[in-house]
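Scroll down for the structure; my scribbles are underneath it.
The values are calculated or read from the model by the stated rules, or taken from the named source; none is laboratory data. Nothing here was measured: the structure is a model prediction, and the numbers come from that model. In this analysis, Cβ positions are derived from the backbone assuming ideal geometry, glycine residues included, and neighbour counts consider all displayed protein chains. Side chains included, ligands, DNA and RNA excluded: accessible areas come from the protein's heavy atoms. Shrake-Rupley method; radii C 1.70, N 1.55, O 1.52, S 1.80 Å.
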Amino acid sequence: MYTSKFIFFFLIFLLLLTFLAPSISSELDLTDKNGDDVDGLEELIALDEQEDSQHHERPSEAEFVSKAQRIVLELNNDNTKRAIDGNEYVLVLGYAPWCVRSAELMPKFAEAATALKELGSSLLMAKIDAERYPKVASTLEIKGFPTLLLFVNGTSQPYTGGFSAEELVIWARKKTGVPIIRISSDAEASHFLKKHSMFVVSLFEKFAGPDYDEFTKAAKMDNEIQFVETSNAEIAKHLFPNIKPTNLFLGLVKSEPEKYTEYEGTFSTDEILQFLDDNKFPLVTVFTELNAARVYSSTNKLQVLIISEPDDFKKLVEPLQDVARKFKSGIMFLFVDIREDNLAKPFLTMFGLEESEDSVVISFNYSSSLKYLLESDTTPTSIEGYCSGLLSGTVSPYYKSQPIPDNKNMSILTVVGKTFDELILNSPENILLEIHTQWCISCETTSKQMEKLAKHFKGLDNLIFARMDASLNEHPKLQVDDYPTLLFYSADDKTKPIQFPTKSSVKELAALVNKNLKAQDREIRDEL
């Protein structure tokens, strides 16, 4: 049904918006009552450091979180302008106390603030309760929750990184002038390895020259991965044990089954970034609300989703990783927990499989706006064959269809995806087709008008009335942008249906039908 790119992407956006939007929970107040001013921030930090010098016991997790949250400045009506205008870099978190995703992000934001402070970053981390201070939030252009914005000399830009504390730190450092960490000792390397689970390691004989310039550009343009450089081969081996003897090296390290990946291309910014995009995700990524934005922003536009119970997926994951390794440059593999309605149901709905309890393998090609379904058993062998077919173009796109109905003695025929060719495109009669959806408010009025028209024209052999539920049926040659829609398929040309205005009266619609039938008769007489 939705074959135009606009409709395809709008539907995906609409469905996924339902689970990316925050849900309402009980009020959770994480605001800092003592941090109402920029000057007060420095006093709190000094107080924390004084307390640290007096108490040598290991702080509890609650104490750590409390301290971290005090490092984050709480913005209000009085201090917001002064904070943003008075600092070169300010990262602002807009939140609402009832927002679950805000509550999940807040401690990570505070942890990142602590890490950045320890690194000597000049970035000010701040948060604002957008419900308590709506005018200030509006001025900052905070429109949803949570919202992250970086202000550079008073001008804002959207946050485009990940949502773990580590990813927040990496993104913030890259945007504030520290895109690369230089490591000069084994001690520094050991300390770095304790802090980072994914990074790019490079070995240069000298930190200069065309190759190094391209590497530096890539480090600045990437928003997610920490870049590391060293001129010592032993230190590089500490970070990347599989390194080969060389004076020039680049590799990606991550905490996945494929932990070490060596870069084998030329030192070109675009090629380095493409290498990272092809390899930064796990072989099979667990799809979540937090990584959804990263998944959809990937340059890999062909994505295969395995939607199943976690226990079923565990039996499949190891051989599936071998499959994913073969196709990693062309396909992204995702696992979606079928028990998570907010995650799984939007995808299943697009295939008419909302009630499925078995494992389902589907795929989307976001470049061509097409979707596909594996219609055989879910096994590593069938998935591998399915993926080969996706890349070679031998797998047919999937279009939803209800079961074929019994239209015997019906004044208005019910058309489904499987019968669209037979009843509409290949039919020798003129057809007036009503296209509706289950959620369409005004479709009921048009349906009643269709019933009156069918009764009025009853007995006319060359005219058929039909209707199709577009929420449950699709066809590649049906492109509709609005509902309800009335299409008149002339018997002599089914390729260019005439759209009738749905806001017309029954009398006006009957006149349009007669007009097109008479025009067709005139053409036939002219041919004779």
Picking from Ser164, Ser184, Ser197, the residue that is open to solvent by 30 Å² or more (accessible area, probe 1.4 Å), hydroxyl-bearing (Ser, Thr, Tyr), at pLDDT 90 or above and out of contact with any Cys (no Cβ under 8 Å at 6 or more places or on another chain) would be Ser184
Counted residues in the range 415-443 being farther than 25 Å from Lys515 by Cα and of a type outside the set (A, V, I, L, M, F, W, C) come to 8
Does Phe192 satisfy the condition of being open to solvent by less than 40 Å² (accessible area, probe 1.4 Å), farther than 19 Å from Ser298 by Cα and not polar (S, T, N, Q)? yes
By residue number, the members of the range 341-356 that are under 19 Å from Val286 (Cα atoms) and either at pLDDT below 90 or of a type in the set (A, V, I, L, M) (or both) are Asp341, Asn342, Leu343, Ala344, Leu348
Filtering the range 298-309 down to residues that are open to solvent by less than 30 Å² (accessible area, probe 1.4 Å) and over 17 Å from the mean Cα position of the chain (by Cα) yields Ser308
Across (1) open to solvent by less than 20 Å² (accessible area, probe 1.4 Å); (2) part of a loop (DSSP other than H, G, I, E, B); (3) of a type in the set (D, E, K, R), Lys127 clears everything bar (2)
Across (1) among the hydrophobic types (A, V, I, L, M, F, W, C); (2) surrounded by fewer than 19 Cβ atoms within 10 Å (Cβ to Cβ); (3) within 30 Å of the chain's Cα centre (by Cα); (4) within 22 Å of Phe267 (Cβ to Cβ), Val152 clears everything bar (4)
The number of residues in the range 413-422 that are in contact with a Ser or Thr (Cβ under 9 Å, 6 or more places away or on another chain) and open to solvent by 10 Å² or more (accessible area, probe 1.4 Å) is 3
Exactly one of Glu434, Glu444, Glu422, Glu384 is of a type in the set (D, E, K, R), over 24 Å from Phe347 (Cα atoms) and touching a helix residue (DSSP H, G or I) at 6+ places or on another chain (Cβ under 9 Å), and that one is Glu434
Among the residues of the range 489-507, the number that are among the hydrophobic types (A, V, I, L, M, F, W, C) and open to solvent by 60 Å² or more (accessible area, probe 1.4 Å) is 1
Of the residues in the range 84-104, those that are under 29 Å from the mean Cα position of the chain (by Cα), farther than 15 Å from Lys175 by Cα and open to solvent by 10 Å² or more (accessible area, probe 1.4 Å) number 6
Only one of Ala137, Ala218 is open to solvent by less than 10 Å² (accessible area, probe 1.4 Å), at pLDDT 90 or above and closer than 20 Å to Ile84 by Cα, namely Ala137
Restricting attention to the range 133-154, does a residue exist that is under 27 Å from Asp277 (Cα atoms), of a type in the set (S, T, N, Q) and touching a strand residue (DSSP E or B) at 6+ places or on another chain (Cβ under 6 Å)? yes
When restricted to Leu320, Leu283, Leu273, Leu302, the only residue touching a residue at least 40 places away in the same chain (Cβ under 8 Å) and within 17 Å of Ala218 (Cβ to Cβ) is Leu273
Filtering the range 196-209 for residues that are under 12 Å from Ile170 (Cβ atoms) and in contact (Cβ under 8 Å) with a residue 40 or more places away in the chain leaves a count of 4
Selection from the range 432-470 of residues in a loop (DSSP other than H, G, I, E, B) and within 30 Å of the chain's Cα centre (by Cα) yields Thr437, Gln438, Trp439, Cys440, Ile441, Ala470
For the range 112-123, pairs from a residue that is open to solvent by 70 Å² or more (accessible area, probe 1.4 Å) to a residue that is not β-branched (Val, Ile, Thr), with Cβ under 7 Å and 6 or more apart or across chains, are Ser122/Glu88; Ser122/Tyr89
Notebook entry, point to check: Yes or no: Ala519 touching a Ser or Thr at 6+ places or on another chain (Cβ under 9 Å) and open to solvent by 20 Å² or more (accessible area, probe 1.4 Å)?
Noted result: yes
Taking the range 262-297 and the residues there that are over 27 Å from Asp322 (Cβ atoms) and either at pLDDT 85 or above or crowded, with 17+ Cβ neighbours inside 10 Å (or both), the one that is nearest to the chain's Cα centre (by Cα) would be Glu289
message = Going residue by residue through the range 471-481, is there one that turns out to be of a type outside the set (Val, Ile, Thr), in contact with a strand residue (DSSP E or B) (Cβ under 6 Å, 6 or more places away or on another chain) and either surrounded by fewer than 18 Cβ atoms within 10 Å (Cβ to Cβ) or outside any loop (DSSP other than H, G, I, E, B) (or both)?
response = no
Taking first residues from the range 364-375 that are over 17 Å from Ser388 (Cβ atoms) and second residues anywhere that are at pLDDT below 90 and assigned to a loop (DSSP other than H, G, I, E, B), the pairs with Cβ under 8 Å that are 6 or more apart or on different chains are Tyr366/Lys301; Ser367/Lys301; Ser369/Thr3; Ser369/Ser4
